[in-house]
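S.K.: Handing you this structure, nothing more for now.
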Amino acid sequence: MKTTDLFDQYGEELTLCSLKFHSFGKQKRFFGPIETVRVFEDNVLVRETLEQMNEGTVLVVDGGGSVRCALLGDQLAQIAETRKVAGIIINGCVRDTAELAALDVGILAIGKNPIRSKKEGKGERSVSLFFGDVNWTPGHYVYADEDGVLVSPRKLH
C-alpha cells in the first residue's frame, strides 16, 4: 500500500519522518517491523544485526546524521538481500551506490560517501531511537516509498 493511501486512511496513527532520504536500493517501496541500531561512524553492529535479522524486517540505523563516512556498502547490503530484509533506513551515509542499486532491497540514507567507517563495535542494538521527528521503536512498523517514510505502532495491512 502506498504511503499516501496509508496516511489518508490511518493518518492519526502515523508519524511522518521529516528527513529527506535518498533511495539507493532496487526496491523503492518497502515495509516491515523495525529493528534498530545506534552507532556513530562505526558499522560493526550494523553487520552483526543484519546477519541475525528475520525476513521482511527493516533495519533502522541512527548514525547521528554523520556524513563523514558510510555505514553501509555493497557487502552489508548483500547480507540484507540474502536474508530477505525488506529495507534499511540510515540516518547517515552509504557507499558503493552503483552496486546497491542492483540489490533487491530497499535502502534509504541521507547521503553517500566513499569512506568506510571505523570497526570498533561501539553502539547499541534494539533500542528506541529518535531522529527525523520520529520515535523509532523496535517492533513498530515502517512504511516507505517514493513519497515518504511513515511509522506506525502496529501493522496496518
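S.K.: Could you run through segment 64-93 and say how many residues are among the small types (Gly, Ala, Ser) and open to solvent by 50 Å² or more (accessible area, probe 1.4 Å)?
M.R.: Within segment 64-93, residues that are among the small types (Gly, Ala, Ser) and open to solvent by 50 Å² or more (accessible area, probe 1.4 Å) number 1.
S.K.: Determine whether residue 51 is open to solvent by 20 Å² or more (accessible area, probe 1.4 Å) and touching a Ser or Thr at 6+ places or on another chain (Cβ under 6 Å).
M.R.: no
S.K.: Between a first residue in segment 14-37 that is over 17 Å from residue 135 (Cβ atoms) and a second residue that is open to solvent by 70 Å² or more (accessible area, probe 1.4 Å) and assigned to a strand (DSSP E or B), which pairs have beta carbons less than 9 Å apart while being 6 or more apart in sequence or on different chains?
M.R.: Within 9 Å, the pairs are 22/112; 24/112.
S.K.: Another question, then. Out of all the residues in segment 56-72, is one or more under 15 Å from the mean Cα position of the chain (by Cα) and over 19 Å from residue 19 (Cα atoms)?
M.R.: Checked against the condition, which is being under 15 Å from the mean Cα position of the chain (by Cα) and over 19 Å from residue 19 (Cα atoms), segment 56-72 yields at least one hit.
S.K.: Does at least one position in segment 43-59 carry a residue that is closer than 22 Å to residue 124 by Cβ, among the β-branched types (Val, Ile, Thr) and touching an Asp or Glu at 6+ places or on another chain (Cβ under 6 Å)?
M.R.: There is at least one residue in segment 43-59 that is closer than 22 Å to residue 124 by Cβ, among the β-branched types (Val, Ile, Thr) and touching an Asp or Glu at 6+ places or on another chain (Cβ under 6 Å).
The values are calculated or read from the model by the stated rules, or taken from the named source; none is laboratory data. Computed from a predicted model, the values in this text were never measured in an experiment. Cβ coordinates were reconstructed from backbone atoms using ideal geometry, including for glycine residues, and neighbour counts include every protein chain displayed. Only protein heavy atoms, including side chains, enter the accessible area calculation; ligands, DNA and RNA are left aside. Shrake-Rupley method; radii C 1.70, N 1.55, O 1.52, S 1.80 Å.
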